[in-house]
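Where a number appears in this text, it was derived from the coordinates with a stated rule and is not lab data. Just so it is clear, the structure is predicted and the values come from calculations on it, not from any experiment. Cβ atoms come from the backbone with ideal geometry, glycine included; neighbour counts cover every protein chain shown.
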Amino acid sequence: MTQTSESAAGLTAALELDAGARLGEGALWHPTEQCLYWVDIEGRALHIYNPETKQDRVLHLGERIGTVVPVEGGGALVALQNGIHYLHTDSGKLSFITNPIKEKDIRFNDGKCDPSGRFWVGTMALDTREGVADLYMLDHDCFIHHMLGNLTISNGIAWTQDKKTAYFTDTPTQTVKAFAYNDASGQISEGKVIIKIPKEEGSPDGMTLDAEGNLWIALHGGGAVAKYNPETGEQLQKVNVPAINTTSCAFGGKDLDTLYITTGRDGVGEEELRNYPYHGGLFSVKPDVRGIPASFYKGDVRG
């Protein structure tokens, strides 16, 4: 079982934006635009938040949106209920790329780009039934590869700075796995469990790496984001969030020293909403560590 360091200092995230998202997710700091991209899956919207001006631009896309990643040269990829699209972020125009999903009750969920600019994105069933989810990888030529199957809620994914390891969680397993990763080919090996999270602490959702190589994992149902040593599985620090359904996290700001945290309102009871009225808000905290820049998609999709 994961242990908590006795020297860990407790922090509490502050409300950054009272967004009222039904299911906030997919937090990602855009390093050139200096904005936080994040999605409201059930609200069917992409948010682009500028922390300097406190302006939150909302693009309503008409479909559930699982995640978003920036594209080299401008724009973004969005994983919508009806497929992966290139999004012209200035105009809001969508250009369809591909859709490997055949069932109408399966949707895309979390995803990110690997160090060489391939887009990895997972799926889940709307009723979260077991074993029907997958993890896909969109290569530079826009061909989509099936990478993992027999999943339930394909969720957080991250790669080490040495480009040798990929971390991934299938949420209901309550574990994070490490996969040997080949950056040249994009292939991954069979994964091994490196972190086990007790159910009472919440379930592993979105995650990110800091510059020291530690994993920061949103604990859905646990009202927290926790920092883990991926070598030992030890929990080193916990950031409390005044919203029980924490969903994703990303380091951002000019110095990548602010941790932004998304949350959701869906499924939260009336008592919880009374106690913590900002469910669905965007939160932030400075945990005295820096993140690493997000990778862009490097395929030719701009058209």
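Could you give the radius of gyration (one decimal) and Dmax (whole number) of the Cα atoms in region 56-118, in Å?
11.7, 34
Looking only at region 113-150, which residues have a backbone nitrogen under 16 Å from a spot 7 Å from the Cα of ASP300 in the C-beta direction?
Only 139-143 pass the distance filter.
Quick check: from the Cα gyration tensor, does region 193-265 come out rounded (a/c under 1.5), prolate or oblate? Write down the numbers at each step before the final one.
Details: a/c = 2.11, a/b = 1.03, b/c = 2.05.
Oblate.
Return the loop-located trypsin sites (Lys or Arg not before Pro) in region 237-303 (DSSP other than H, G, I, E, B) with at most 12 other Cβ atoms within 10 Å of their own Cβ; answer none if there are none.
Sites meeting the loop and neighbour criteria: LYS254, ARG302.
Rounded, prolate or oblate: which fits region 100-207, taking a ≥ b ≥ c as square roots of the Cα gyration tensor eigenvalues, rounded meaning a/c under 1.5, else prolate when a/b beats b/c?
Oblate, since a/c reaches 1.5 and b/c is not below a/b.
What FRET efficiency comes out for ALA125 versus THR53 if R0 is 35 angstrom and r is the Cβ-Cβ distance? Round to the nearest 0.05.
On the way: r = 39 Å, r/R0 = 1.11.
Efficiency, rounded to the nearest 0.05: 0.35.
Provide Rg over Rh for the chain; use the alpha carbon set for both Rg and the Kirkwood Rh (inverse mean inverse pair distance).
Value, to two decimals: 0.93.
Given axes a ≥ b ≥ c from the Cα gyration tensor, I'd like to know whether region 82-121 is rounded (a/c under 1.5), prolate (a/b larger than b/c) or oblate. Each step should come with its number before you reach the end.
Working: a/c = 2.17, a/b = 1.10, b/c = 1.97.
It comes out oblate by the Cα gyration axes.
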